[in-house]
Structure formats: structure tokens, C-alpha cells
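The structure appears below as C-alpha cells.
The values are calculated or read from the model by the stated rules, or taken from the named source; none is laboratory data. The model shown is predicted, which means the values in this text are computed figures rather than measured ones. Reconstructed Cβ throughout: ideal geometry from the backbone, glycine too, with neighbour counts over all protein chains shown. These accessible areas exclude ligands, DNA and RNA; they are computed on the full protein's heavy atoms, side chains included. Shrake-Rupley method; radii C 1.70, N 1.55, O 1.52, S 1.80 Å.
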Amino acid sequence: DELQISLGATQELELDFFLQSSSFDMQEVVVTVQAKGQIRAINQQLNSDYISNVVSSERLQEVPDATVADALGRVPGITVRSNNGEGDKIQIRGMEPRLNLVTVNGVRAPSGDHEENSVGLAGISPFMIEEIEVQKSLTPDKDGDVVGGIVDLKLKDADAGFKTNIVFQNNYNSIVKSAFNPRATIQMSNRFFNDKFGVVVVGNYED
């Protein structure tokens, strides 16, 4: 409702307004899977015996990060080192990359650098990952060279039946003043031999 009032330069007016409550019927309530996945990740952090951060696959796919390293840069306490403009190696709590451990499904990942023990993450797409767990506290059961922390990458499992997931994103690049900078990801998965053997294939394109 609207009420028009005209007052002179020296006039004063006092009005009392009363609001009435009203209700409406909603058609539906939609709960997205991203919220469900992130709630599971938060519960893992709360129940953990050490200081940790857990990032779900739904959260990874929600943000426009090209690599796992870029996605980890959003986690508190982690700094990303870039290589040719792309996130590559990480520092946990300020520690050098060589003092951190990267594992894949709990197995130590080999270093691609002959000069140090650090692991580059530039070639790993977020769409290959089901979950990332970052452990930031050093406990007696961990290896002696893991002073900074541990990043465990849990790979996706193939669901039963043929599945296809296509994601297309675009953004504005303020450096080159371009409004068309596409990025596309296609993911296909299936299980074979009575669901005992699963295959996940991920392809990425980025301009």
C-alpha cells in the first residue's frame, strides 16, 4: 500500500500505521545436494580426532576452480603456489610444500620434482574428486617428514549404470576485457562385471 503526503515548509504531521500479517502457500521446497554434501563434510570435521577441514565434491563443483590446488586455496590455513598462472603446490600453515604430504585414497602420492618431495596438483581436476580432507595437526602416527599437514584426495567411485554429467561455465576476464571465456567438463561413468569394476572418465576444456 502507498500513501501520498504533501507538507508545507512549516507543517508537521503525525500518522500512525498498523501492519497486518498475511500468509501464503508455497508450491515446493527444493533442497540441493550441495547442502547435503557439505553438511556431511562438516560433521566429519566435528567428529575428527585432529584439526581438519573436509571439502565435499558438491562444494568443489560449485566454485569455478580449474585444479584441485585452486580449490584448496579456499580452505583456511592453505596458501597456493601458482605455476604459469595455475594453482600447483600448496603450503599448509605456512610450511613449505615439501613438508606436507599428499595422499590419494590414503596412499602417498609420488613427487614429480626430483629436487624435493613436494607434489604438484595442477593436473588434477576437481571433478575427479569425491572429497578432500586436510589434516592440520601432527600426531604420533604420522610420518616424520609431515610437519605441515596432510591432504588426502578421495577419488570418485563409479555409480551403477551409465551416468553422464556435463558442466559449462563462462566468466568475464577483466585483464583482456573479454566476456567469453568458456570452461566445459564432461564426466561419464559406468560399472561392469556385476558392478565389481567401475570406470570414471573426465574431460576438461578451458580457454
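Taking the Cα atoms of region 57-161, what is the range of coordinates along each of the three principal axes, in descending order and whole Å?
43, 33, 28
Carbon and sulfur: what percent of the chain's accessible surface (1.4 Å probe)?
That fraction is 51 percent.
What does the accessible area per residue of region 149-207 come to in Å², with a 1.4 Å probe and no ligands, DNA or RNA counted?
Accessible area per residue: 69 Å².
What does the accessible area per residue of region 71-127 come to in Å², with a 1.4 Å probe and no ligands, DNA or RNA counted?
Using a 1.4 Å probe on heavy atoms only, each residue of region 71-127 averages 53 Å².
So between Val201 and His114, what do we pick up on full extension, going 0.36 nm a residue minus the alpha carbon distance?
Here the segment from Val201 to His114 would lengthen by 28.4 nm.
Output the Kirkwood hydrodynamic radius of the chain, Cα pairs only, in Å rounded to one decimal.
20.8 Å
Could you state the angle between the C-alpha long axis of helix 33-47 and the longest principal axis of the C-alpha atoms of the chain, as a value from 0 to 90 degrees rounded to the nearest 10?
60 degrees
Loop-only chymotrypsin sites (Phe, Trp or Tyr not before Pro) in region 83-187, please: DSSP not H, G, I, E or B, and at most 16 other Cβ atoms within 10 Å.
Passing sites in region 83-187 are Phe162.
From Cα pairs below 8 angstrom and at least 6 apart in sequence, can you work out the relative contact order of the chain, rounded to a whole percent?
Value for the chain: 14 percent.
So which lysines can Lys154 reach, going by Cα to Cα under 24 Å and dropping same-chain residues fewer than 8 places off?
Correct list for Lys154: Lys36, Lys89, Lys136, Lys142, Lys163, Lys196.
About the Cα centre of the chain, how large is the charge dipole given +1 on each Lys and Arg Cβ and -1 on each Asp and Glu Cβ? Please answer in debye to the nearest 20.
Value, rounded to 20: 940 debye.
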